[in-house]
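**Q** Have a look at this one before I ask anything.
Every read-out reported here was derived from the displayed coordinates using simple, explicitly stated rules and does not represent laboratory data. The shown structure was predicted, so the numbers you read here are calculated from the model rather than taken from an experiment. Here Cβ is always computed from backbone atoms with ideal geometry, including for glycine, and neighbour counts include all displayed protein chains.
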Amino acid sequence: MRDHRGRSPSPKPISGALERLRREIAPQTALAVAQAAWPGAVGERIAAVTTVTDERDGTLFIECQSAVWSQELALMEPRLRTALAEATGGEPPREIRFRAIS
């Protein structure tokens with residue numbers, strides 16, 4: 001579409017359209033919601049060394065890059081459940097279990 005002077009409008013970044021599309025087509029399972037919210041809930045440093053892998057019966061399963069991270073995050077589990085609930089705007093998982101992958 002052109003404006004009244006015959007000019008085309010400035011191009012718009014595609015990132016906004018892609019983000020809207022991602023939200024529309026993302027599955028709305030408890031696992032998908034937790035995976036999307038995890039980095040914002042726990043922060044970049046923890047998100048960089050963890051992966052949300054599964055959700056069963058209200059328990060969220062997280063893989064950690066090392067046993068040290070797994071142990072440390074297990075100690076932080078109550079705070080992480082609360083942060084995840086705040087990030088998703090819903091109920092917290094019943095439990096979060098951490099497992100080292102190395």
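**Q** Per q in 0.14, 0.19 Å⁻¹, report the Debye log10 I(q)/I(0) for the stretch 12-71, using one uniform scatterer on each alpha carbon and no solvent.
**A** Cα-only, vacuum Debye calculation for the stretch 12-71: -0.50, -0.80.
**Q** Between Leu75 and Arg23, what is the label-point separation in nm under the 7 Å Cα-to-beta-carbon projection?
**A** The two pseudo-label positions are separated by 3.8 nm.
**Q** Hey, another quick one. Where in the stretch 68-102 is the amide nitrogen less than 18 Å from a point lying 7 Å along the Cα-to-Cβ axis of Arg56?
**A** What the label zone holds, given the 18 Å backbone N cut-off, is 93-101.
**Q** Can you sort Leu60, Leu21, Leu73 so the residue with the fewest Cβ neighbours within 10 Å comes first?
**A** Fewest to most other Cβ atoms nearby, the residues stand as Leu21, Leu73, Leu60.
**Q** So, one more: Read phi for every residue in the stretch 27-38 and hand back ³J(HN,Hα) as whole Hz from Karplus 6.51 cos²θ - 1.76 cosθ + 1.60, θ = phi - 60°, with x for Gly and Pro.
**A** x, 9, 7, 4, 5, 5, 5, 5, 4, 5, 8, 3
**Q** Let me ask something additional. Count the DSSP beta bridges whose two residues both fall in the chain, then state the antiparallel fraction as a percent rounded to the nearest 5.
**A** If I count the DSSP bridges inside the chain, around 50 percent turn out antiparallel.
**Q** Quick check on the chain: helices-only [θ] at 222 nm, where DSSP H runs of length 4 and up contribute -39,500 (n - 2.57) each and the sum goes over total residues. Nearest 500, please.
**A** Calculated from helices alone, the mean residue ellipticity at 222 nm is -14500 deg cm²/dmol.
**Q** Which of Cys64, Gly6, Pro27 sits closest to the plus end of the dipole of the chain, meaning its Cα is farthest towards the positive end, when Lys and Arg get +1 and Asp and Glu get -1 on the C-beta?
**A** Gly6
**Q** What is the spread of the Cα atoms of the chain along each of their three principal axes, largest first, in whole Å?
**A** Principal extents (Cα only, largest first): 65, 26, 20 Å.
**Q** What relative contact order, as a whole-number percentage, does the chain give when Cα pairs under 8 Å and 6 or more residues apart are counted?
**A** 25
**Q** Mind checking the stretch 1-82 for trypsin sites (Lys or Arg not before Pro) that DSSP puts in a loop (not H, G, I, E or B) and that have at most 10 other Cβ atoms within 10 Å?
**A** Of the trypsin sites (Lys or Arg not before Pro), the ones in loops of the stretch 1-82 whose Cβ has at most 10 other Cβ atoms within 10 Å are Arg2, Arg5, Arg7.
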